[in-house]
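What follows is a single structure, written as structure tokens, with notes after it.
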Amino acid sequence: MSWIDDATEDDDPTGEVRTAFDEDRASLGHVANYTRVFAHRPAVLRAWQGLNRAVKGMDPRRYEVATTAAALQLRSSYCALAHGRVLAETHMTTDAVRALANGERSPELTDVDHAVARLAAKVAAGAADMQPADLDELRALGFTDDEVLDVVLAAAARCFFSTVLEAVGAEPDAAYRALDAPMRDALTVGRPIASG
């Protein structure tokens, strides 16, 4: 699971942990390992959920491509698997997600997809090393500054979330074992999926 003890419903007199766990059970069928970590600080979990909702106000496919690319750069299997799964369920085939993870071309991946992924990876690799020209590829594809900022926000938000999970050794949920094997393997770039 992780290197810190799981938060439990019994340790929280406010009921916020129980609510978070119940929401996961309703939407996922299990309590996610990331929820068990963040449940130690319910206020942080709520703040993250609010920030994430605000950042997700961008084009949904771009959000998932940027988030997946940032997670891959950060070597966060958990986030790469989670968002790669969303891409495969709602925006492209598993083969296209695998190609994106491997930096390959695919007929399903557009020039925008590749440019978004490159910018998100640069942000995650170290934004202090970026230059003004790093934003030019998306501008050349017709992105407004607001749309460029959306990609940066998605990648930067992922840096926070992935870093927390990696720093406490949170393993990707065992449910990810059921994903398409070639895609799953391409997205497992750091910690292995939890057993069970």
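The values are calculated or read from the model by the stated rules, or taken from the named source; none is laboratory data. None of these values were measured; they are calculated from a predicted model. As a convention, Cβ positions derive from the backbone with ideal geometry for all residues, glycine included, and neighbour counts pool all protein chains shown.
Does ARG25 satisfy being among the basic types (Lys, Arg), free of Cβ contacts under 8 Å to residues at least 60 places away in the same chain and farther than 21 Å from LEU109 by Cβ? Write out each step before concluding.
On the way: among the basic types (Lys, Arg): yes; free of Cβ contacts under 8 Å to residues at least 60 places away in the same chain: yes; farther than 21 Å from LEU109 by Cβ: yes.
Criteria met by ARG25.
Tally up the residues in the stretch 118-138 that are among the acidic types (Asp, Glu) and either out of contact with any helix residue (DSSP H, G or I) (no Cβ under 7 Å at 6 or more places or on another chain) or not assigned by TED's automatic domain parsing to the domain that holds ALA69 (or both), please. Reasoning before the result, please.
We begin by selecting, within the stretch 118-138, every residue among the acidic types (Asp, Glu); these are 129, 134, 136-137.
When the remaining residues are screened for being either out of contact with any helix residue (DSSP H, G or I) (no Cβ under 7 Å at 6 or more places or on another chain) or not assigned by TED's automatic domain parsing to the domain that holds ALA69 (or both), the result is 129, 136.
Total meeting the criteria: 2.
With the structure loaded, tell me whether ALA47 is under 30 Å from LEU119 (Cα atoms) and touching a Cys at 6+ places or on another chain (Cβ under 9 Å) or whether it fails that test. Quick ask: steps written out before the conclusion?
Details: under 30 Å from LEU119 (Cα atoms): yes; touching a Cys at 6+ places or on another chain (Cβ under 9 Å): no.
It is false that ALA47 is under 30 Å from LEU119 (Cα atoms) and touching a Cys at 6+ places or on another chain (Cβ under 9 Å).
Hey, can you tell me all the residues within the stretch 50-70 that are more than 19 Å from LEU141 (Cα to Cα) and among the charged types (D, E, K, R)? If you could, list the steps in order and put the result at the bottom.
Restricting attention to the stretch 50-70, the residues satisfying the condition of being more than 19 Å from LEU141 (Cα to Cα) are 50-57, 67-68, 70.
Hits for the stretch 50-70 are ARG53, LYS56.
Those residues that are in contact with a helix residue (DSSP H, G or I) (Cβ under 8 Å, 6 or more places away or on another chain), of a type outside the set (Val, Ile, Thr) and either closer than 15 Å to ALA194 by Cβ or exposed (fewer than 13 other Cβ atoms within 10 Å of the Cβ) (or both), I need them from the stretch 16-35; list them, please.
Of everything in the stretch 16-35, those that are in contact with a helix residue (DSSP H, G or I) (Cβ under 8 Å, 6 or more places away or on another chain), of a type outside the set (Val, Ile, Thr) and either closer than 15 Å to ALA194 by Cβ or exposed (fewer than 13 other Cβ atoms within 10 Å of the Cβ) (or both) turn out to be ASP24, LEU28, GLY29, HIS30, ALA32, ASN33, TYR34.
Quick grid of which residues meet (1) in contact with a Ser or Thr (Cβ under 7 Å, 6 or more places away or on another chain); (2) in the same structural domain as ALA155 (by TED's automatic domain parsing); (3) part of a helix (DSSP H, G or I):
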{"residue": "THR14", "(1), (2), (3)": "no, no, no"}
{"residue": "PHE21", "(1), (2), (3)": "yes, no, yes"}
{"residue": "ASP24", "(1), (2), (3)": "yes, no, yes"}
{"residue": "ALA43", "(1), (2), (3)": "no, no, yes"}
{"residue": "THR67", "(1), (2), (3)": "no, yes, yes"}
